Structure formats: structure tokens, C-alpha cells
1. Which one is nearest to Trp76 (Cα to Cα), of the residues in the range 11-26 that are under 16 Å from the mean Cα position of the chain (by Cα) and crowded, with 16+ Cβ neighbours inside 10 Å?
2. Limited to the range 41-53, what total is found for residues that are more than 13 Å from Ile157 (Cβ to Cβ) and touching a residue at least 12 places away in the same chain (Cβ under 8 Å)?
3. Contact list please: Cβ distance under 8 Å, first residue in the range 205-232 and free of Cβ contacts under 8 Å to residues at least 24 places away in the same chain, second residue of a type in the set (D, E, K, R) and outside any loop (DSSP other than H, G, I, E, B), pairs at least six apart or on different chains.
4. Name the single residue, out of those in the range 193-219 being in contact with a Ser or Thr (Cβ under 9 Å, 6 or more places away or on another chain) and over 13 Å from Cys134 (Cβ atoms), that is modelled with the lowest pLDDT.
5. Inspect all residues belonging to the range 208-218 and state whether any of them is assigned to a loop (DSSP other than H, G, I, E, B), surrounded by fewer than 22 Cβ atoms within 10 Å (Cβ to Cβ) and among the hydroxyl-bearing types (Ser, Thr, Tyr).
6. Might you check whether a residue that is farther than 27 Å from Ala51 by Cα and surrounded by 14 or more Cβ atoms within 10 Å (Cβ to Cβ) occurs anywhere in the range 123-135?
7. Being among the charged types (D, E, K, R), out of contact with any Ser or Thr (no Cβ under 6 Å at 6 or more places or on another chain), part of a helix (DSSP H, G or I) and surrounded by fewer than 19 Cβ atoms within 10 Å (Cβ to Cβ) is true for just one of Lys180, Lys153, Lys147, Lys176. Which residue is that?
Amino acid sequence: MFKQRSYQKELLDEPDIKKDLLYQNLTELEFINKYLGGHSVSINGLKKIVANKTQVYTIMDIGCGGGDSLKAFAEWAKKEDYNITLYGADLKEDCINYAAINCTNYKINFRCEDFRNVFSEHIQINIIHASLFCHHFTEIEIIEFIKLCSKNKATFIINDLERNPIAYYSIKILTKFFSKSALVKNDAPLSVLRGFTKPEWQSILQKSGIKNYTIKNRWAFRHLIIIYPNES
């Protein structure tokens, strides 16, 4: 079960999810990211890129869901006195509506669109961020987007799950007893099965033609991957 990646679709990938079920899912995902270290993994990645306090960094969070990662970025940047402009993109309009309310007290721009179209506007994006997002897609789709990021000179931060038995059974038990969301109970263990191993990420990056990247194992069975654009 763990040797090969699963391609079974998650419930979250269905086109017509009832709003109350989706909102419960987004609420629980924010709790998980905040209190089980998901946000800290992404912020550790940002720290390696956002270093110049005189520079303005534009960050686009793809598959932004309820906007919780962007809230964490805004709070971190304010505390550390960094100048960042934040965007969030999600294909689901209900997610964007939820995120707009969830992030009322933050200056964040939300757009309802496919992640592959985020470079179409006249916005110079410095950093693309994807948390628990890439495992929803095929290797070919990920490779093509990595190439697109490199072409547009954007550094790509990926925060995603590692596929292994301990992660699978741990999250299955936790969600069974503590989650009230049918989506989370179904999708959380499946997300692990859809995740990648480190060698698989290395293969993806090699096929993307990327020369400069880092892959680190982080807490709660996550990979933190930073992909730097190729130099012209």
C-alpha cells in the first residue's frame, strides 16, 4: 500500500461539495496547521528566502483554502518587520468566500482561479507557496508547474506530506477520534497515500530540469521543498 503512490481522488477534489462540509473542513485544517506545526514548516521555508527588509516580496499561496497559511505569513512578517504582499488563489469559489471572511483583519488579496493561471496577470510574484496541495496532482502536472515557476523567476515553497506507514496510521487514529469533519476523516489518511517519498520528489525535480533545490524532512511527516528558478 505504501510502495506505490495512490491516485484515488479525495472528497475535497469533488466539484460540488456542500458549503457546510467544506467550511468544517477548512476550520479543522487551520487548527491542524496551526497547532501541529504546519505553519511553522512553511515559515521556516520563507525565512530562507525573505531576508532583505528593504525589499518588497510578493507571495502567492496556491490552493489557499481558508487562507490560514496567509494569516500566519502576515503575522510573522509584521512581527519580524518584513515587507510582503500576499495573494491567495483557489479554484473553489466557496473557499475564496470563506478565506475573505477568515482574513478580514489582514491585507490579503484573493483570486478564484486555477493555480496554473496565477502568472497571467501583471504581478511580479517572487514566491509561490503550496501547503498540502501538490499531492492532489499527478507528477506530470507538478513538473509542468515547477517549470512555469522557474520560467517566471519565482521561488517555489512546497510543504507536503511524506508517504509512510507511521504517518498514515497516526493521522487515521487522530482524525477518527478528534475530527468532526467527514472530509477530514476520509481525506487525511488518503492524503498520506497520495503523498511522495523523498526519492520521488528528487525524480520530479530532475525531470523538471531544476538545478537548485533543497528537500528537508520536517515534523509531522512533512517535506519542506524549496525550488529556486534556474538562471537564464
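1. Step one: list which residues in the range 11-26 are under 16 Å from the mean Cα position of the chain (by Cα), which gives 12-13, 25-26.
From what's left, crowded, with 16+ Cβ neighbours inside 10 Å: 12, 25-26.
Values: Leu12: 29, Asn25: 24, Leu26: 21 Å.
So, considering only residues that are under 16 Å from the mean Cα position of the chain (by Cα) and crowded, with 16+ Cβ neighbours inside 10 Å, the one nearest to Trp76 (Cα to Cα) is Leu26.
2. Quick first cut of the range 41-53, residues more than 13 Å from Ile157 (Cβ to Cβ) only: 51-53.
From what's left, touching a residue at least 12 places away in the same chain (Cβ under 8 Å): 53.
Counting residues in the range 41-53 that are more than 13 Å from Ile157 (Cβ to Cβ) and touching a residue at least 12 places away in the same chain (Cβ under 8 Å) gives 1.
3. Ile215/Lys198
4. Once the filter is applied, the top-ranked residue is Trp219.
5. Pass one, the range 208-218, residues assigned to a loop (DSSP other than H, G, I, E, B): 209-212.
Next, only the ones that are surrounded by fewer than 22 Cβ atoms within 10 Å (Cβ to Cβ) stay: 209-212.
Next cut, among the hydroxyl-bearing types (Ser, Thr, Tyr) only: none.
No, because not a single residue in the range 208-218 is assigned to a loop (DSSP other than H, G, I, E, B), surrounded by fewer than 22 Cβ atoms within 10 Å (Cβ to Cβ) and among the hydroxyl-bearing types (Ser, Thr, Tyr).
6. Step one: list which residues in the range 123-135 are farther than 27 Å from Ala51 by Cα, which gives 135.
Still in the list and also surrounded by 14 or more Cβ atoms within 10 Å (Cβ to Cβ): 135.
Looking through the range 123-135, at least one residue is farther than 27 Å from Ala51 by Cα and surrounded by 14 or more Cβ atoms within 10 Å (Cβ to Cβ).
7. Details: Lys180 fails: part of a helix (DSSP H, G or I); Lys153 fails: part of a helix (DSSP H, G or I); Lys147 fails: out of contact with any Ser or Thr (no Cβ under 6 Å at 6 or more places or on another chain).
Among Lys180, Lys153, Lys147, Lys176, only Lys176 is among the charged types (D, E, K, R), out of contact with any Ser or Thr (no Cβ under 6 Å at 6 or more places or on another chain), part of a helix (DSSP H, G or I) and surrounded by fewer than 19 Cβ atoms within 10 Å (Cβ to Cβ).
Rundown of residues vs (1) touching a strand residue (DSSP E or B) at 6+ places or on another chain (Cβ under 7 Å); (2) of a type outside the set (Gly, Ala, Ser); (3) within 25 Å of Leu70 (Cα to Cα), yes/no style:
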| site | (1), (2), (3) |
| --- | --- |
| Asn164 | no, yes, no |
| Lys180 | no, yes, yes |
| Lys185 | no, yes, yes |
| Ala188 | no, no, yes |
| Thr197 | yes, yes, no |
| Thr214 | yes, yes, yes |
| Arg218 | yes, yes, yes |
| Asn230 | no, yes, no |
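The values are calculated or read from the model by the stated rules, or taken from the named source; none is laboratory data. Everything quoted here is computed from the prediction, not taken from an experiment. Using ideal geometry, Cβ is built from the backbone for each residue, glycine included, and neighbour counts are taken over all protein chains shown.
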